[in-house]
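This structure is in structure tokens; I'll ask about it shortly.
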């Protein structure tokens, strides 16, 4: 029960901090002081206090977009185990729900974007649809591999199963998986080199361009949902990359928080040392990620 | 070969009656012959009169001779368009139609340029019947039909803090078939305001033609005033002007390098260059108190002297700025993901660049070896030359690398000049300007060739003061660079050209 409460508390409060850490890391590389760690919280609070303008050409779909996106991500947050602690909700086959909760959120975000009738948002939706189609196989190959390794069909036992022992056994497969999943983590969260969350150039954006017409609290929800998504996918990734457990519940929570912050620093470093890919190159990298994940599946099935 | 034109050198003036005024056929034939012999059009404009307009064409001879040519003719309410045979004239002809109400017959792309009111009395060719007047970007855009073709309109209000301009893309998926650019939102009527000048405010108006090219335009104006008035700037003043021109180039090239890095999402260079640009602007402020060189150039010299302590300080600051800039820019070349993003994007072929008459870094990145500082030297550049840098790959990477190489040459130049400042006065007394003369001045601003033409009437005032900003030549290059490119590459191509909106809109 305590663990469930901590789980929900962390899921609700910690995500924007990751963005703050990424921002600080990038600022350090650029030789700047950077915004405070808590800036993303201030931004979201500021947006929530604002009024909202809805275009008269939009329908209920436009308003539903941010809400569904946040709701689906929040449910997904309940399915992923954080660190060594099982998730509050766990059942056989929840991995499929996990994957398609994101798809449902994306569907509504894209529909809301198309609902505005703006050419920019149409372009953004087309890009998002293409790239998410190509990212999906990677996620499923990863789930198959993990399921095979643990013999389970639920995320909590699947992910907690990964330990140093498993690494020693099937290190090659997990290494491939980490490569593929890191690419998925970046593309799903619109990070450089796939998308630039800080750009103001509407013609080059993917995710940001779809939410151009949202303002005020609706936009605050979108920002928060984006941070939560990074947190949820990051928690998944941490299991693969840093599968440490001490056995002490409190220490494990601390370890989880530190691991997540480390992940944010790594993402910040990646964003600082490389430029964005040309959009036409993104599918190639996503296919490569799928192939990595497919090989890891092959290695554990053989 | 002079093609029936009067030949003269940059920064000189002559009696208006010396300008050859052949009949229309001879005039247009001369222009066509000169262009096919490799001459380039610097300025082509009309002075409206009762029955039509007098057209003046100023051309630059092939590199090496240093000569310029001028020829004129009087036309009625229409004149034959040469745009189809000579694409570099197309925007000039539209401008003549808009300003002088004389129609270029057979113009393949007859549309307004700035949506401005004509310089003479009469109705514009594009006036709406309801008398609403012309509004920028309200016109028929080129349109591609088809089920899978879609149109994207960007601007005039942009997401970033940039000037207003309207871009209309015809796209097939992510691929751009055609880009049409419509400007005019910043039209302030500078040329109209300069008719009847010079007045005490003229210098300030010139300094604001394009706010980031203050020195380039001010230099051209000062050259015209000096040749018309028969007075000179001292060598000391010419040197400081040269230093200011190169500081302006450095500041803007540095800003552009940072902006290009920012566009591809490469943060370190973007942040460093943003700061170093400020260092260069502050060096300009050291010379005259203004980060954008306002008040530095004055007819007859410079407004503020550059004493030994300022020169020393400038030299020291330059050393550290060079170090910082070298480090920041080398990061770009050392990062494969950045180079992969820049290479083979936004190509304008050398042939296209020559035909549409690109100038400045945009032209040199296409392998066109043209630079006013060498081809038509002015001021300090008559004594001390800067090597011209060219590139051959014609893409964004070429325009990026070219900026860095030019910045290096400019740093060398300033370092040398600042150590050997000539003695003497810094400001000679300006005199009134002569009547009935024509003066032409070309300078190489950081965007490229700036051309100012002054025609004085019999009272010694400007009857027409024609300004051509490099952006006027180059905006078409951006449109061509986008052909068959990804629409997502537009911001990057745009930054690599970094053209002026207000310099075009005047």
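Can you give the angle from 0 to 90° between the axis of helix A:249-273 and the longest principal axis of chain A, with both taken from C-alpha atoms, to the nearest 10?
60 degrees
Of B:345, B:396, how do they rank once you tally other Cβ atoms within 10 Å and put the fewest first? It would help to have the intermediate numbers written out before the result.
On the way: B:345 20, B:396 26.
Ordered by Cβ neighbours within 10 Å, fewest first: B:345, B:396.
Something else: Run the quick spin-label model on residue A:67 and residue B:461: label points 7 Å from Cα toward the beta carbon, then report their separation in nm to one decimal.
My value for the distance between the label points is 6.8 nm.
In degrees from 0 to 90, rounded to the nearest 10, what is the angle of the helix A:94-115 Cα long axis to the longest principal axis of chain A?
That helix lies at roughly 10 degrees to the long axis.
Please work out the FRET efficiency for the pair residue B:138 and residue A:37, using the Cβ-Cβ distance as r and a Förster radius of 41 Å; give the result to the nearest 0.05. Mind dumping the intermediate values first?
Working: r = 49 Å, r/R0 = 1.19.
Rounded to the nearest 0.05, the efficiency is 0.25.
Evaluate peptide B:252-265: per residue, the Cβ atoms of other protein chains within 10 Å of its Cβ; return the mean as an integer. Working shown, then result.
Numbers: counts 0, 0, 0, 0, 0, 0, 0, 0, 0, 1, 6, 6, 10, 16.
For this peptide, the per-residue mean of nearby foreign Cβ atoms is 3.
If you don't mind, there's one more thing I want to ask. What is the ratio of the Cα radius of gyration of the range B:197-468 to 2.2 N^0.38 Å, where N is its residue count, to two decimals?
On the way: Rg = 19.0 Å, N = 272, 2.2 N^0.38 = 18.5 Å.
In units of the 2.2 N^0.38 Å rule of thumb, it is 1.03.
Using a 10 Å cut-off around each Cβ of peptide A:263-275, what is the average number of partner chain Cβ atoms that fall inside? Display every interim value, and only then the final one.
Working: counts 0, 0, 0, 0, 0, 1, 0, 0, 3, 4, 6, 10, 17.
Partner Cβ neighbours, averaged per residue: 3.
Fewest first, what order do B:209, B:356 take by the number of other Cβ atoms within 10 Å?
Values: B:209 26, B:356 22.
Listing B:209, B:356 from fewest to most nearby Cβ atoms yields B:356, B:209.
With the crude spin-label approximation of a point 7 Å out along Cα→Cβ, what separation in nm comes out for residue A:55 versus residue A:175?
Taking the two extended label points, one gets 4.9 nm.
A follow-up question, please. Rounding to the nearest 10 and keeping the result within 0 to 90°, find how far the Cα-based axis of helix A:2-13 lies from the longest principal axis of chain A.
Tilt relative to chain A: about 30 degrees.
State the Cα centre-to-centre distance between the range B:385-434 and the range A:29-90 in whole Å.
Their Cα centres are 51 Å away from one another.
In nm, to one decimal, how far is the modelled label at residue A:163 from the one at residue A:251, with both set 7 Å along Cα→Cβ?
For residue A:163 paired with residue A:251, the spin-label model returns 1.4 nm.
Is the protein assembly as shown rounded, prolate or oblate when judged by the Cα gyration tensor, a ≥ b ≥ c being the square roots of its eigenvalues, rounded requiring a/c under 1.5 and prolate requiring a/b larger than b/c?
Details: a/c = 2.66, a/b = 2.00, b/c = 1.33.
Cα axes put the protein assembly as shown in the prolate bin.
Counting partner chain Cβ atoms within 10 Å of every residue's Cβ in B:151-159, what's the average? It would help to have the intermediate numbers written out before the result.
Values: counts 1, 7, 3, 5, 0, 0, 0, 3, 10.
Mean number of neighbouring Cβ atoms from other chains: 3.
If you don't mind, there's one more thing I want to ask. What number, in percent, do you get for the relative contact order of the range B:197-468 if the mean sequence gap of Cα pairs under 8 Å and at least 6 apart is divided by its residue count? Provide the component values of the computation, followed by the final result.
Numbers: 496 pairs, mean separation 75.0, N = 272.
Averaging sequence separation for qualifying contacts and normalising by length gives 28 percent for the range B:197-468.
With a/c under 1.5 counting as rounded, go ahead and sort chain B into rounded, prolate or oblate using the C-alpha gyration tensor (a ≥ b ≥ c being the square roots of the eigenvalues; past the cut-off, prolate if a/b is larger than b/c, else oblate).
Details: a/c = 1.67, a/b = 1.06, b/c = 1.58.
In terms of gyration-tensor shape, oblate.
Okay, helix-only estimate at 222 nm for chain A: each DSSP H run of n ≥ 4 adds -39500 (n - 2.57), divide by all residues, round to 500 deg cm²/dmol; what do you get?
Values: 12 runs with 217 residues, N = 302.
Taking each H run of at least 4 residues, the total per residue is -24500 deg cm²/dmol.
From the C-alpha gyration tensor of the range B:1-113, pull out the three semi-axes of the equivalent ellipsoid (sqrt of 5λ each), sorted largest to smallest, in whole Å.
Numbers: eigenvalues 99, 53, 28 Å².
Each semi-axis is the square root of five times an eigenvalue, giving 22, 16, 12 Å.
Can you figure out the FRET efficiency of residue B:483 with residue B:330, using R₀ = 41 Å and their beta-carbon distance, to the nearest 0.05?
Details: r = 32 Å, r/R0 = 0.78.
That gives a FRET efficiency of 0.80.
Given the rule -39500 (n - 2.57) for each run of at least 4 DSSP H residues, summed and divided by the residues of chain B, what is its mean residue ellipticity at 222 nm, to the nearest 500 deg cm²/dmol?
On the way: 16 runs with 200 residues, N = 506.
Helix-only estimate at 222 nm: -12500 deg cm²/dmol.
Follow-up question, since we're still on this one. Note the direction-averaged projected area, equal to a quarter of the hull surface, for the Cα convex hull of chain A, in nm².
15.5 nm²
Here's something else I'd like to know. So how do B:94, B:275, A:302 line up by other beta-carbon neighbours within 10 Å, fewest first? Before the final figure, lay out the partial values.
Values: B:94 21, B:275 16, A:302 6.
Sorted ascending by nearby Cβ count, the order is A:302, B:275, B:94.
Each value in this text was obtained by applying a stated rule to the coordinates, not by laboratory testing. Model, not experiment: these values are computed from the prediction. Methodologically, a virtual Cβ is constructed for each residue, glycine included, from the backbone with ideal geometry; neighbour enumeration extends over all protein chains shown.
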